[in-house]
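Each value in this text was obtained by applying a stated rule to the coordinates, not by laboratory testing. Just so it is clear, the structure is predicted and the values come from calculations on it, not from any experiment. Heads up, the Cβs are rebuilt from the backbone with ideal geometry, glycines too, and the neighbour counts pull from every protein chain shown.
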Amino acid sequence: MGFKNHLGVFTDPERVLIDARFLSSLPERELRSGFAEIIKHGLIQDAAYFYSLSSRSDWKSQDWPTLIQHSVRIKQAVVTADPKEQGLRRILNFGHTIGHAVESHFLETDEPLLHGEAIAVGMIAEAFLSWKHTGLSAEALQLITHYLLDVFGKVALPLQEFPQLLDRCLQDKKNAGKALQLALLSDIGAALPLVHLTLTDLEESLHYYMEQTLELP
Ligand SMILES: [Zn+2]
């Protein structure tokens, strides 16, 4: 229990039908959770997309059908280029190594996080690692951090449970039997699929997250 995505299968759907009208039936928190993946698509593949998302003062005021179509295209292009997830496709995992650990942790509490809320934490932490290891500029790190905190708020991670959180990062199926490898950003809109890191790096990134203060508008 408490684990997510420890099993996986490779099966393509015959067809994907998306009707954005159903979005209006979603609670705002669920919509925001899905929005985390849209932000991720901009961060890993499309800088202009990210800047256009983050320039809106209200995250909800988006042209959702257009965003979904664009995001599906990005994901499809990445998956088609690497169907068995051997390299490039790993960039879709940006924010998810730490994000899944955070998500698993909160699943065992009375206040579970939605997937996207945990991934937002992961993207901030992994943007920090990108600044430290793969050339993301300090300016870009700051922009990503502020934007994600602005949309998702700040989650209180219990510092005393960091070792367990990190242990969960290692149990992430994407790292099974392998060295600790994360998808990191080299710039906004550009990602590297397999960057070797240590547990100390990950711990440092969680501290970076916790040091951020939430500036309410
Ligand atoms: Zn996800």
Classified through the alpha carbon gyration tensor (a ≥ b ≥ c as square roots of its eigenvalues; rounded if a/c is under 1.5, else prolate when a/b is larger than b/c, else oblate), region 14-78 comes out oblate
Quick one: length gained pulling H207 to Q86 fully straight, 0.36 nm per residue minus the C-alpha distance? 40.5 nm
V16-S57 FRET efficiency (beta carbon distance; Förster radius 30 Å; 0.05 resolution): 0.40
So for R0 = 22 Å, FRET eff. of S186-T66 from the Cβ-Cβ r, to 0.05, ends up at 0.25
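Counting pairs of alpha carbon atoms under 8 Å apart in space and at least six apart in sequence, what relative contact order in percent does the chain give?
The normalised contact order for the chain reaches 27 percent.
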Mind giving me the nanometre distance, one decimal, between the label points for L143 and E108, set 7 Å out from Cα along Cα→Cβ? 3.9 nm
Let me make sure I get this right: for the chain, a, b and c are the square roots of the gyration tensor eigenvalues over alpha carbons, sorted descending. Under 1.5 in a/c it's rounded, otherwise prolate if a/b > b/c, else oblate. Which is it? rounded
